[in-house]
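**Q** My structure is below; once you've seen it, I'll send some questions.
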Amino acid sequence: VKKAEDLLMSASPAHSNPRLLLPLLLVSGRRLSEMTSPRVSYSPVAEHPYYCTVVGILKKRQEAFTGRIPLLVPWTTFKVGLDAWRQKQRAETTDKRRLRAKKSLDELTNKELKVRYDLPMTVAIQRNYVFTLPMYMRYNTNKELTLQHCKVHDLRAIYAAYVFALYDCDESFNRAAMRA
């Protein structure tokens, strides 16, 4: 978390996408498509410097979600990284010379956003480009236990574990993770 906080505080639009996105994903627990979507907005919660309000997350079973989530870093730190990411993302998708800019950012679906950004995040995790994440044992297709790298979505589980440990949770881990 300290490494993620340092990366967010020093974030600049000149940094790579994984360098900007992975710390944001870790400290907020959001999905990749939620963090990269221009339809999702984040704002501070006045009385709680370690919380933010999220507006526009689309859930499969309900309308757009609005809620307050805990952060693992202060809002001001999260905002530095978020601003750098949004500035870089807008610059990349408005440059018509780039292959990816065939559709404007606002036209991309959540699935298209995930496809666009998932592979570089996965490679950065596997090669420890941004920070080192734990590896875990998992059965492969041959039913053999092998050591696996974390996936982008695993950052949500790591976030949930930190929230459960750092915040006052009067519920089970699963219920606290669901609420966060």
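**Q** Looking only at region 17-46, count every residue that is assigned to a loop (DSSP other than H, G, I, E, B) and modelled with pLDDT of 95 or more and tell me the total.
**A** So the answer is 0.
**Q** Separate question: Suppose we filter region 107-122 for residues that are of a type outside the set (Phe, Trp, Tyr), under 17 Å from residue 150 (Cβ atoms) and either touching a His at 6+ places or on another chain (Cβ under 6 Å) or open to solvent by less than 40 Å² (accessible area, probe 1.4 Å) (or both); how many remain?
**A** Within region 107-122, the first condition is being of a type outside the set (Phe, Trp, Tyr), and the residues that meet it are 107-116, 118-122.
Checking which are under 17 Å from residue 150 (Cβ atoms) leaves us with 114, 118-122.
Still in the list and also either touching a His at 6+ places or on another chain (Cβ under 6 Å) or open to solvent by less than 40 Å² (accessible area, probe 1.4 Å) (or both): 121-122.
Adding up the residues that qualify gives 2.
**Q** OK, next. Yes or no: region 13-20 includes at least one residue that is of a type in the set (A, V, I, L, M), open to solvent by 10 Å² or more (accessible area, probe 1.4 Å) and farther than 25 Å from residue 167 by Cα.
**A** Scanning region 13-20, I find at least one residue that is of a type in the set (A, V, I, L, M), open to solvent by 10 Å² or more (accessible area, probe 1.4 Å) and farther than 25 Å from residue 167 by Cα, so the answer is yes.
**Q** Does residue 147 meet the test of being out of contact with any Cys (no Cβ under 6 Å at 6 or more places or on another chain), open to solvent by 80 Å² or more (accessible area, probe 1.4 Å), within 18 Å of residue 18 (Cα to Cα) and free of Cβ contacts under 8 Å to residues at least 24 places away in the same chain?
**A** Numbers: out of contact with any Cys (no Cβ under 6 Å at 6 or more places or on another chain): yes; open to solvent by 80 Å² or more (accessible area, probe 1.4 Å): yes; within 18 Å of residue 18 (Cα to Cα): no; free of Cβ contacts under 8 Å to residues at least 24 places away in the same chain: yes.
No: the conditions fail for residue 147.
**Q** In region 1-16, how many are among the hydrophobic types (A, V, I, L, M, F, W, C) and part of a loop (DSSP other than H, G, I, E, B)? Full working, then the answer.
**A** Initial filter on region 1-16 (among the hydrophobic types (A, V, I, L, M, F, W, C)): 1, 4, 7-9, 11, 14.
Those still in the list that are part of a loop (DSSP other than H, G, I, E, B) too: 1, 11, 14.
Adding up the residues that qualify gives 3.
**Q** Continuing with this model, one more query. So, in region 52-74, of the ones that are open to solvent by 50 Å² or more (accessible area, probe 1.4 Å) and touching a strand residue (DSSP E or B) at 6+ places or on another chain (Cβ under 6 Å), which residue ends up modelled with the lowest pLDDT? Break it down into steps so the answer makes sense when it comes.
**A** Taking region 52-74 as the starting set, the residues that turn out to be open to solvent by 50 Å² or more (accessible area, probe 1.4 Å) are 55, 58-66, 68.
Add one more test, that the residue is touching a strand residue (DSSP E or B) at 6+ places or on another chain (Cβ under 6 Å), and what stays is 55, 59, 64-66, 68.
Working: 55: 89, 59: 64, 64: 60, 65: 66, 66: 75, 68: 89.
If we take residues in region 52-74 being open to solvent by 50 Å² or more (accessible area, probe 1.4 Å) and touching a strand residue (DSSP E or B) at 6+ places or on another chain (Cβ under 6 Å), then 64 is modelled with the lowest pLDDT.
**Q** Right, something else. List the pairs whose first member sits in region 31-60 and is small (Gly, Ala, Ser), whose second member is in a strand (DSSP E or B) and open to solvent by 20 Å² or more (accessible area, probe 1.4 Å), and whose Cβ atoms are under 9 Å apart, counting only residues at least 6 apart or on separate chains?
**A** Close Cβ pairs (under 9 Å, with a partner that is in a strand (DSSP E or B) and open to solvent by 20 Å² or more (accessible area, probe 1.4 Å)) amount to 41/53; 41/55; 43/53; 43/55; 56/41; 56/65; 56/66.
**Q** Would you call residue 140 within 21 Å of the chain's Cα centre (by Cα) and more than 20 Å from residue 22 (Cα to Cα)? First the steps, then the outcome.
**A** Working: within 21 Å of the chain's Cα centre (by Cα): no; more than 20 Å from residue 22 (Cα to Cα): yes.
It is false that residue 140 is within 21 Å of the chain's Cα centre (by Cα) and more than 20 Å from residue 22 (Cα to Cα).
**Q** Quick one: which of 161, 124, 165, 91 is in a helix (DSSP H, G or I) and touching a Pro at 6+ places or on another chain (Cβ under 6 Å)?
**A** Working: 161 fails: touching a Pro at 6+ places or on another chain (Cβ under 6 Å); 165 fails: touching a Pro at 6+ places or on another chain (Cβ under 6 Å); 91 fails: touching a Pro at 6+ places or on another chain (Cβ under 6 Å).
Testing whether each residue is in a helix (DSSP H, G or I) and touching a Pro at 6+ places or on another chain (Cβ under 6 Å) leaves just 124.
**Q** Say we look at region 129-140 and pick out the residues that are open to solvent by 70 Å² or more (accessible area, probe 1.4 Å) and either charged (D, E, K, R) or within 24 Å of residue 92 (Cα to Cα) (or both); which of these is modelled with the highest pLDDT? Let's see the steps before the verdict.
**A** Start the filter on region 129-140 by keeping residues that are open to solvent by 70 Å² or more (accessible area, probe 1.4 Å), which leaves 129, 132, 134-139.
Still in the list and also either charged (D, E, K, R) or within 24 Å of residue 92 (Cα to Cα) (or both): 129, 138.
Details: 129: 94, 138: 88.
Once the filter is applied, the top-ranked residue is 129.
**Q** While we're on this one: Would you mention how many residues in region 10-32 are under 17 Å from residue 67 (Cα atoms) and either among the small types (Gly, Ala, Ser) or more than 13 Å from the chain's Cα centre (by Cα) (or both)?
**A** Summing the residues that are under 17 Å from residue 67 (Cα atoms) and either among the small types (Gly, Ala, Ser) or more than 13 Å from the chain's Cα centre (by Cα) (or both) in region 10-32 gives 2.
**Q** Do the conditions hold for residue 7, that is, is it under 16 Å from the mean Cα position of the chain (by Cα) and at pLDDT 95 or above?
**A** Numbers: under 16 Å from the mean Cα position of the chain (by Cα): yes; at pLDDT 95 or above: yes.
Yes; evaluated as a whole, the condition is true for this residue.
The values are calculated or read from the model by the stated rules, or taken from the named source; none is laboratory data. Model, not experiment: these values are computed from the prediction. Please note: Cβ atoms are built from the backbone with ideal geometry, for glycine as well, and neighbour counts cover all protein chains shown. SASA here: full protein model, heavy atoms, side chains in, ligands and nucleic acids out. Shrake-Rupley method; radii C 1.70, N 1.55, O 1.52, S 1.80 Å.
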